[in-house]
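A short worksheet on the structure shown next.
The values are calculated or read from the model by the stated rules, or taken from the named source; none is laboratory data. Please read all numbers here as calculations on a predicted model, not as lab measurements. With ideal geometry, Cβ positions are generated from the backbone for all residues, glycine too; neighbour counts draw on all protein chains shown.
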Amino acid sequence: MSEPVLELEVLRYRPETDQDPVFQTYTVPYNSDWVVLDALTHIKDNIDRTLSFRWSCHMAVCGSCGVMINGEPKLSCHTFLRDYYPGKVRVEPLTNFPIERDLVTVADDFMEKLASVKPYVITEEDRPVSAGEHLQSPADLNSFKQYTMCINCMLCYAACPQMGLTPDFVGPAALALAHRYNLDTRDAGREERQEIAASNEGVWDCTFVGACSQVCPKAVDPAAAIQQTKIASTVDWYKALLPWGK
Amino acid sequence: MAKSNKPIVWSLFAGGGMIAAFVLPAMIFITGLAVPMGLLLENALAYDRMLALVGNPIGKLVLFGVIFLSLWHAAHRLRMTLHDLGIRSGRVAMLACYGVAGLASIAAAVVLLSI
């Protein structure tokens with residue numbers, strides 16, 4: 001009996017020769033323990049050394065290997081071939097990002113948006129190490145812990161229809177991280193982050209489709225973070241109308 | 001980036017969402033199911049009772065709030081859905097959605113005030 005095989009259709013784009021991206025079909029051995037990343041690595045090692053794709057940890061921690069698999073944004077290290085076999089697997093670079101080469105996308109815009117929301121603890125005063133730990137209760141931690149699980153894999157940006165329609169939208173992961181630091185009891189940077197988060201391009205471009213939360217491989221709920229930020233920003237807006245509001 | 005003024009539109013949308021989710025089903029249940037099925041008093045929706053409800057200023061205000069916010073919610077949701085579907089002719093969609101909600105709200109106000 002011949003060994004089982006699986007067909008992989010991979011979108012190729014080699015800027016020096018290709019006018020437009022084209023699909024290339026590869027036949028790889030089928031192994032029920034393999035994930036899509038294993039198949040891509042097999043192609044790179046044994047069939048076609050020119051295929052480019054990003055990956056690092058192979059264990060859904062680094063967030064490098066996000067691709068579209070049969071039209072859905074997924075981590076290729078977290079998606080088993082057995083869920084598709086004997087059907088074909090179609091692998092494309094993440095939607096809503098420019099293609100740099102093959103499955104590699106240009107993430108510059110995302111990185112800028114991420115930095116713009118200042119995703120780090122901002123304290124009112126510099127805290128010397130000698131001041132000791134900044135204590136937090138388990139309840140304090142629980143209020144934002146899920147948002148710390150984000151690995152910046154950008155699957156939510158590929159899933160979000162607003163990203164395609166409104167490229168200036170700050171987007172789910174960055175807004176969820178802004179919310180994560182706003183909720184942190186050690187942090188005092190909310191006002192600085194609101195400059196971006198409460199702008200039209202911030203939470204207000206979101207129409208609450210919720211696809212971001214559905215595709216997140218780390219069970220973060222960016223859609224909830226954005227809705228909570230909308231509520232808080234609305235309260236701010238009305239407060240500012242009051243004579244004693246700032 | 002400037003802070004957005006969308007909270008005005010969105011707070012009415014959010015308020016309408018609460019009403020559409022919690023108050024409207026209760027009203028549909030009372031008027032469409034409970035009374036016809038005899039779960040409530042037979043004359044619960046009798047003309048004189050309803051007239052008294054609508055005649056009371058607080059009754060008018062509550063009914064107008066329910067109608068206006070629900071319509072606004074529907075208008076905003078529809079506009080956002082059109083946007084998601086790629087229909088981005090902003091002004092036409094905006095006028096159609098908010099216009100219908102606005103006219104229907106004005107009609108409701110006129111009717112309520114005339115009682």
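Here is how the numbers come out for the structure above:
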item	result
Tally of residues being away from chain A (no Cβ under 14 Å), of a type outside the set (A, V, I, L, M, F, W, C) and outside any helix (DSSP H, G or I) across segment B:5-37	1
Of the criteria (1) surrounded by fewer than 18 Cβ atoms within 10 Å (Cβ to Cβ); (2) not assigned by TED's automatic domain parsing to the domain that holds residue A:189, which one residue A:115 fails	(2)
Qualifying residue in segment A:206-217 (condition: over 12 Å from the mean Cα position of the chain (by Cα) and more than 20 Å from residue B:81 (Cα to Cα))	no
Conditions (1) basic (Lys, Arg); (2) touching a residue at least 40 places away in the same chain (Cβ under 8 Å); (3) exposed (fewer than 15 other Cβ atoms within 10 Å of the Cβ); number of the one not met by residue B:77	(3)
Subset tally (residues that are more than 14 Å from every other protein chain (Cβ to nearest Cβ), within 14 Å of residue A:161 (Cα to Cα) and of a type in the set (Val, Ile, Thr)) for segment A:198-225	1
Which numbered condition residue A:153 misses (of (1) over 19 Å from residue A:93 (Cβ atoms); (2) touching a residue at least 60 places away in the same chain (Cβ under 8 Å); (3) under 14 Å from the mean Cα position of the chain (by Cα))	(1)
Filter result (within 12 Å of chain B (Cβ to nearest Cβ) and without any contact (Cβ under 8 Å) to a residue 24 or more places away in the chain) within segment A:174-197	A:191, A:195
Condition broken by residue A:166, with the remaining ones in (1) at pLDDT 95 or above; (2) within 30 Å of residue A:103 (Cβ to Cβ); (3) of a type in the set (Val, Ile, Thr) satisfied	(1)
Qualifying strands (runs of 3 or more DSSP E) (wholly inside segment A:1-93; at least 3 residues being more than 18 Å from residue A:158 (Cα to Cα) and in contact with a Lys or Arg (Cβ under 8 Å, 6 or more places away or on another chain))	A:5-12, A:22-29
Out of A:53, A:80, sole residue that is touching a residue at least 12 places away in the same chain (Cβ under 8 Å) and either crowded, with 20+ Cβ neighbours inside 10 Å or in contact with a His (Cβ under 8 Å, 6 or more places away or on another chain) (or both)	A:53
